[in-house]
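The values are calculated or read from the model by the stated rules, or taken from the named source; none is laboratory data. All of these numbers come straight from a predicted model, not from anything done at the bench. As a convention, Cβ positions derive from the backbone with ideal geometry for all residues, glycine included, and neighbour counts pool all protein chains shown.
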Amino acid sequence: MTISRENWASRTGFIMAAVGSAIGLGNVWRFPYICYENGGGAFLIPYFFALFTCGFPLLMLEFVMGKRAQGGAPQAFESIRPFMAWAGWLACLCAFTIVTYYCAIMAWSWDYIWYSLKLAWGDDAGSFFREHVLNMSSGPGVLGAIQGPLLIGLVLTWAAIVAILWKGIKSVGKVVMVTVPLPVLCLVILAIRGLTLPGAVDGVTYYLQPDFSKLADPRVWLAAYGQVLFSLSLGMAVLAAYASYLPKDADISNNAFMTGLLNCGFSFFAGFAVFSALGFLAYQTGVPVQDVVESGPDLAFITYPTIISQLPFWAPFFGVLFFFMLLTLGIDSAFSLVEGFATPLKDALGITHIKVVIWISIIGFIIGMLFITRGGLYWLDIVDHYVSDYGLVTIALVECIVIGWFFGARKLRREINETSEVRIGIWWDICIMFITPLILGYFLISSLIKGITEPYGGYPVWANWIGGWGMIILVIAISVFLGIKFKRKEVQ
Ligand code: PFF
């Protein structure tokens, strides 16, 4: 018996869902900083190199693997080599791990919408964030209580995820028509506000001032690869799951080009909004731009609130707008991570989609409570480092090896070209077989050497073991177990 698989209602729905997954918090708080740190305007060279040699090829690879297997990452790997299903489960579990803390960050954003109304951080946004909102303990060894207001944010986030995924891919296709354009609109308003403030030009100059000498440093190229992988949601089971709902004759290459370009265009544009605001902060405080630049949570929850307080008019409005933008940016990335796990699990267990989503969400919510305790941020930082620096790169590397060397890059390229508007040439094979695996292999080995010789982030060795290596070993063990346990019932 063949169960017919539901499909996206439209091609736009699929592209928007992929773009929604790609465009997330990372585009605003990671890209501009990485660009500035690694040569400013000159960084666009390694970035585009990484986009063409790794971003587009892997997007096409994950799209076509999901489409041809009509299943998520484990089924896609299994259809190539049955013993490789574990690699797909590994991707699912990494996605699940990411979503547990991604939702905690979204919980902060919910609370900050509220705080923005009264600019509650006063004139010390740093202390407000660390001491009031997170109520941080002295280290990862002291977990402390769950923070009540954050718990409300966490509940809201998970409830939103369950509601959106309730009707499966059909509702995703509709929701992304709102959650993708909305943050773009917010960002345009914030960029206009930022660029019309005094000091903006200095900020933007810092962001893009090219420093070509940086291009000789291999770390800059690795940073470009890392950013492209994370930003395009590659190596995380998400895109294969989304593509598994594509009809058999769906285009691959053009969809991949559109997803990649829209995401990277957004990142580049976000840099203008962020750096113009940083330029303004430097102007207001008399501190040089390079000393006010931050990335990650500090940029969003300390530096940006500080900037908002200094705005000449409508400060609460811009505060609400910024955190609302973070929420709408994050939500489609968050539910894509859940869907990446839900799709293959539902296929493997043969139970309804919503049941799987509810179970994943309950477990994700319970684990996520760790990240809203007083010691939560330390754990978030550790887990994030290990999943995104090792998990993601490992899976992308395995994908290249399995397709490039076991299955045959040429064979898969022919399949891509059969249904694609833009035919791709032999460069794709070269990227999948040589360039990307070599660079990712180098990336992985060098980070492993560094990781083994010095514990991450100055945290104690035991914390690195529990939140890092131990977590990785557990995730691999579960993946192998799932790979053995769920043999595919049917291949369409
Ligand atoms: N691409 C998202 C971002 O840049 O914020 C993060 C992300 C979402 C990573 C989904 C991985 C993923 F599967």
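Side notes on the structure shown:
- Filtered by the rule that a residue be part of a helix (DSSP H, G or I) and away from the ligand (no atom under 13 Å from the Cβ), the range 244-260 gives S253, N254, N255, A256, F257, M258.
- Residues located in the range 349-379, provided they are surrounded by fewer than 22 Cβ atoms within 10 Å (Cβ to Cβ) and among the aliphatic types (A, V, I, L, M): L349, I351, I354, I358, I362, I363, I366, I367, M369, L370
- Residue count, the range 353-399 (criterion: more than 21 Å from the chain's Cα centre (by Cα) and closer than 26 Å to F83 by Cα): 2
- Candidate set: the range 40-64, residues that are in contact with a Phe, Trp or Tyr (Cβ under 7 Å, 6 or more places away or on another chain) and not hydrophobic (A, V, I, L, M, F, W, C); chosen: the one farthest from L397 (Cα to Cα): G40
- Among the conditions (1) within 29 Å of M325 (Cα to Cα); (2) crowded, with 23+ Cβ neighbours inside 10 Å; (3) not polar (S, T, N, Q), R11 misses just one, which is (2).
- Residues of the range 411-448 that are among the aliphatic types (A, V, I, L, M), outside any loop (DSSP other than H, G, I, E, B) and in contact with a helix residue (DSSP H, G or I) (Cβ under 9 Å, 6 or more places away or on another chain): L412, I416, I430, I432, M433, I435, I439, L440, L444, L448.
- Candidates W359, W379, W314 - the one that is away from the ligand (no atom under 16 Å from the Cβ) and under 25 Å from Q227 (Cα atoms): W379
- Meets criteria (more than 16 Å from the ligand (Cβ to nearest atom), closer than 27 Å to A85 by Cβ and touching a Gly at 6+ places or on another chain (Cβ under 9 Å)) for D347: yes
- Which listed residue is closer than 26 Å to I146 by Cα, in a helix (DSSP H, G or I) and aromatic (F, W, Y), from F318, F322: F322
- Checking each residue in the range 455-467 for being at pLDDT 95 or above, surrounded by 13 or more Cβ atoms within 10 Å (Cβ to Cβ) and out of contact with any Pro (no Cβ under 8 Å at 6 or more places or on another chain) picks out W465, I466.
A quick yes/no check of all residues on (1) within 16 Å of the ligand (Cβ to nearest atom); (2) polar (S, T, N, Q):
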{"site": "P198", "(1), (2)": "no, no"}
{"site": "V201", "(1), (2)": "no, no"}
{"site": "V204", "(1), (2)": "no, no"}
{"site": "Q209", "(1), (2)": "no, yes"}
{"site": "D217", "(1), (2)": "no, no"}
{"site": "A223", "(1), (2)": "yes, no"}
{"site": "G226", "(1), (2)": "yes, no"}
{"site": "L232", "(1), (2)": "yes, no"}
{"site": "M236", "(1), (2)": "yes, no"}
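- Segments classed as helices (runs of 4 or more DSSP H), wholly inside the range 1-86, with at least 3 members that are away from the ligand (no atom under 16 Å from the Cβ): 11-22, 44-50, 56-69, 73-80
- Complete set of residues in the range 91-124 that are aliphatic (A, V, I, L, M) and within 13 Å of the ligand (Cβ to nearest atom): A91, L93, A95, I98, V99, I105, M106
- Among the conditions (1) away from the ligand (no atom under 14 Å from the Cβ); (2) charged (D, E, K, R); (3) over 17 Å from A76 (Cα atoms), the only one that D332 does not satisfy is (1).
- For beta carbons closer than 8 Å, sequence separation of 6+ or different chains, a first residue in the range 426-449 that is more than 19 Å from V387 (Cβ to Cβ) and a second that is exposed (fewer than 14 other Cβ atoms within 10 Å of the Cβ) and hydrophobic (A, V, I, L, M, F, W, C), the qualifying pairs are M433/W405.
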